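Have a look at the structure below before the remarks.
The values are calculated or read from the model by the stated rules, or taken from the named source; none is laboratory data. Quick caveat: nothing in here was measured; it's all calculated off a predicted structure. Neighbour counts are summed over all protein chains in view; Cβ atoms, including those assigned to glycine, are modelled from backbone coordinates with ideal geometry. Each accessible area value is taken on the protein alone, full model and side chains, heavy atoms only, with ligands, DNA and RNA left out. Shrake-Rupley method; radii C 1.70, N 1.55, O 1.52, S 1.80 Å.
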Amino acid sequence: MVAAVSAVLVLGAAAGTATVLGAGEGDDGPESQRARPRGSATVASAPPSPSPTPTPTPTPAPGKPREAPARSPRLYHHPDTQVLEWVRAHPGDSRRPVIESRIAGRPAAVWFTEYSPGTLTSRVRAVTSAAAARDRVPVLVAYAIPDRDCGGASEGGVPNLDAYDGWIDAFAAGLGSGRVVVVLEPDSIAQADCLDPGQRADRFASLARAGRVLKAADPRARVYYDAGHSGWNPPEKQAALLRQAGAVFGDGVFSNVSNFRATADEVAYDRRVLAALGGPAGLGAVIDTSRNGNGAPAHGEWCDPDGRRIGRTPTLDTGEARIDGYLWVKPPGEADGCKGAAGEFSPSYAYELASP
């Protein structure tokens, strides 16, 4: 599903991060057929839940200025990404203005995929401390579970679950005390059918532990668990798996990572997953909108399919009940393995995705 990239941020849905700029980019096209289960998104066609009735703003006392409403936190723009490296190195390329304005200047997640436990804490801290200094929220992807991607294009991970528990401890130690979004192990739950029942139970126990460790290290961290996507498992089945993996002790679910499913379908699906999952009431969802501007391809292609476009601009202010954010988890332009080596930036692919 994802694949390796550069030093700090690695793998097919690799890194990047930027400040939110403006409104959403691109409308979602019609939904397409089921994509190959490779870890990204799950949605169904339930009607959207009504938005909660807003609480009236109290009238300020005479002589007291009205307080401005609280602003939604803004996402952190990480300066060390493949797309920014390309933009800096190609000032005269005719594709540069489109790629720079529509991809390089927008926030994307920072992926942590290598074992290297000796440097993991410092690498995580470098991102979270830089984000905190700018009062921004970083999006981090923890992607190192053993048997990652079930032997697919992004196979790998740490040697075993004991090592993974230590890896999570080191990751958590770098979070600091600020706001941060953690996308915990894409594909690890929706794509667990390659494991036997005992292996699956062990993996889910480690994922449950991971959520507890991350939340204990930084209570302001928002930890989201793998809900696959709307063309994958039915919401009730996915919710049952999420419950086994301890998702109720996190902050909700993520869907559509590295996939192409339309935002409206993901919103409906995620709400159904959350409803089936049950409490606590504060659980929400984040959706990867990095490449879903035209919806999913008609025949379920997943490897750099033609005709895709970037989706809605990353934001933590969606205006949708129970939808906590639209994120670019898979940095647009980093290939799945067909329009470039998996996880490597392809300017031609980026230009195709970003073109109006």
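Quick look at the values:
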{"quantity": "C-alpha center-to-center spacing [the stretch 147-170, the stretch 198-270] in angstrom", "calculated": "17"}
{"quantity": "The stretch 92-132 versus the stretch 319-333: alpha-carbon centroid distance in Å", "calculated": "16"}
{"quantity": "The stretch 280-344, accessible area per residue, ligands and nucleic acids excluded (1.4 Å, Å²)", "calculated": "30"}
{"quantity": "Rounded if a/c under 1.5, otherwise prolate or oblate - the stretch 95-177, Cα gyration tensor axes", "calculated": "oblate"}
{"quantity": "Inter-site label distance for ASP193 and LYS237 at 7 Å from Cα along Cβ, in nm", "calculated": "0.5"}
{"quantity": "Protein accessible area in the stretch 143-279, 1.4 Å probe - carbon and sulfur %", "calculated": "51"}
{"quantity": "Interchain or long-range residues, amide H under 5 Å from ILE323's placed H", "calculated": "ALA285"}
{"quantity": "Note, ³J(HN,Hα) from phi for the stretch 139-153, Karplus 6.51, -1.76, 1.60, rounded to Hz, x at Gly and Pro", "calculated": "10, 10, 10, 8, 9, 8, 4, x, 6, 3, 6, 6, x, x, 4"}
{"quantity": "For the stretch 242-254, Karplus couplings with θ = phi - 60° (6.51, -1.76, 1.60), whole Hz, Gly/Pro x", "calculated": "4, 5, 4, 8, x, 4, 5, 9, x, 10, x, 10, 10"}
{"quantity": "Highest average packing first - 308-314, 133-139, 264-270, 77-83, Cβ atoms within 10 Å", "calculated": "264-270, 308-314, 77-83, 133-139"}
{"quantity": "Three-way shape label, the stretch 74-134, alpha-carbon gyration tensor, a/c 1.5", "calculated": "prolate"}
{"quantity": "Distance in nm between pseudo-label sites at ASP306 and SER116 (7 Å out along the Cβ direction from Cα)", "calculated": "3.8"}
